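Novice: Following this message is one structure expressed as structure tokens.
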Amino acid sequence: MVRSYTDEPVDPAVVERALEHATRAPSAGFSQGWAFVVLDRPEDVRRFWAASTETSDEPDKWLAGMMKAPVVIVPCSVKGAYLDRYAEPDKGWTDRDERRWPMPFWDLDTAMAALLILQTVTDAGLGACFFGIVSEREVEVRRALGLPDPGDPHPIGAITIGHPAPRKTGAVGTASRRRRTPWTEVAHRGRFGNGWRS
Ligand SMILES: Cc1cc2nc3c(=O)[nH]c(=O)nc-3n(C[C@H](O)[C@H](O)[C@H](O)COP(=O)(O)O)c2cc1C
């Protein structure tokens, strides 16, 4: 994740490729219940930050770096698309009962789409950071983006995109302070609790 950016503009073709890849994410029942609000004009980006942060405060290092990103994409999940899709005859959940769902597939699928955006921009030599929208600001953010409140589409977070600034200018992520757990400690062969090499 990159948390500070240069002034260099982002090639719109990279953004379009990222969105094309996002829509190739897997989705339950091919429901494709997602939407992406793309902010690529300075005034739109400014409106997003004004809505998502406490404007009275001086921006901290994290915010100052993140606000420099010329592009912000807000991936949103659309639960209704899944309830509609699974009410179709081949699925048969006509009661649209949300308790049927083992987990919110709408958020899961949108998160996978978000990862494809991150990977696409990284492959293009740019930097990006996925971050959460704090609950207390969600209503403001929805209003700023033209999203209804409450209901669909639901913003699952936001992604800054830009050319990475030299490392020391931005906030340092927690990955620099915490050990990356090796895959051999989290993969369990045959049964949970089994070591990988035992
Ligand atoms: C659901 C989610 C929420 C995150 N929220 C934030 C955030 O609010 N601020 C931030 O700087 N990074 C955020 N991150 C990025 C993580 O801090 C980062 O992925 C993690 O530290 C590992 O670093 P790396 O992705 O650079 O390897 C978030 C990542 C995820 C998946």
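What follows is calculated from the coordinates using simple rules that are stated; it is not laboratory data. Keep in mind that what you see is a predicted model, and the values were worked out from it rather than measured. Every residue, glycine as well, gets a Cβ built from its backbone with ideal geometry; the counts of neighbours run over all protein chains shown.
Novice: May I ask for the Kirkwood hydrodynamic radius of the chain, worked out over all distinct Cα pairs and given in angstroms to one decimal?
Specialist: Every distinct Cα pair counted, the radius reaches 18.6 Å.
Novice: Between Arg177 and Phe131, what's the calculated FRET efficiency when r is the beta-carbon distance and R0 is 22 Å? Round to 0.05.
Specialist: Efficiency, from the Cβ-Cβ distance: 0.80.
Novice: List the residues whose amide H sits under 5 Å from the amide H of Trp34, counting only those 5 or more places along or on another chain, with H placed 1.01 Å from N in the peptide plane.
Specialist: Close amide H contacts, sequence-distant or interchain: Val78.
Novice: Further, regarding this structure: Among Val74, Val134, Val14, whose mean-square fluctuation peaks in a Gaussian network model of the chain (Cα, cutoff 10 Å)?
Specialist: Val134
Novice: Further question on the same structure: Could you give log10 I(q)/I(0) at q = 0.26, 0.29 Å⁻¹ for the stretch 78-135, computed by the Debye formula over C-alpha point scatterers of equal weight, without solvent?
Specialist: Debye output, listed in q order: -1.03, -1.15.
Novice: What number comes out for the charge environment of Leu83, summing +1 per Lys or Arg and -1 per Asp or Glu over other residues with Cβ under 14 Å away?
Specialist: -2
Novice: Using a Gaussian network model of the chain whose springs link C-alpha atoms within less than 10 Å, name the residue from Asp84, Asp152, Asp107 with the highest mean-square fluctuation.
Specialist: Sorting by GNM fluctuation, first place goes to Asp84.
Novice: While we're looking at this one, here's another question. Given an 8 Å cut-off on Cα distances and at least 6 residues of separation, report the relative contact order of the stretch 122-198 as a percent.
Specialist: 28 percent
Novice: Over the chain, what is the relative contact order in whole percent, taking alpha-carbon pairs under 8 Å and six or more residues apart?
Specialist: Dividing the mean separation by the residue count of the chain yields 34 percent.
Novice: Amide H of Lys68 versus every other amide H placed in the peptide plane: which residues, excluding those fewer than 5 positions away on the same chain, fall under 5 Å?
Specialist: Those qualifying (amide H under 5 Å, at least 5 residues apart or on another chain) are Tyr5.
Novice: May I ask for the distance between the Cα centers of the stretch 114-152 and the stretch 53-98, given as a whole number of Å?
Specialist: Comparing the Cα centres of the stretch 114-152 and the stretch 53-98, I get a distance of 7 Å.
Novice: Please give me, ordered by residue number, the trypsin sites (Lys or Arg not before Pro) of the stretch 99-198 that lie in loop per DSSP and have at most 12 other Cβ atoms within 10 Å.
Specialist: Filter output for the stretch 99-198: Arg177, Arg178, Arg179, Arg180, Arg189, Arg191, Arg197.
Novice: Would you mind computing, in nm to one decimal, how far apart the modelled labels at Thr55 and Glu8 are, each placed 7 Å from Cα along Cα→Cβ?
Specialist: 3.3 nm
Novice: Something else about it: For Met112 and Arg46, calculate 0.36 nm times their separation in residues minus their Cα-Cα distance, and state this gained length in nm to one decimal.
Specialist: Length gained between Met112 and Arg46: 21.1 nm.
Novice: Just need the relative contact order of the stretch 19-113 here, percent rounded to a whole number, with Cα pairs under 8 Å and 6+ apart.
Specialist: Computed value for the stretch 19-113: 45 percent relative contact order.
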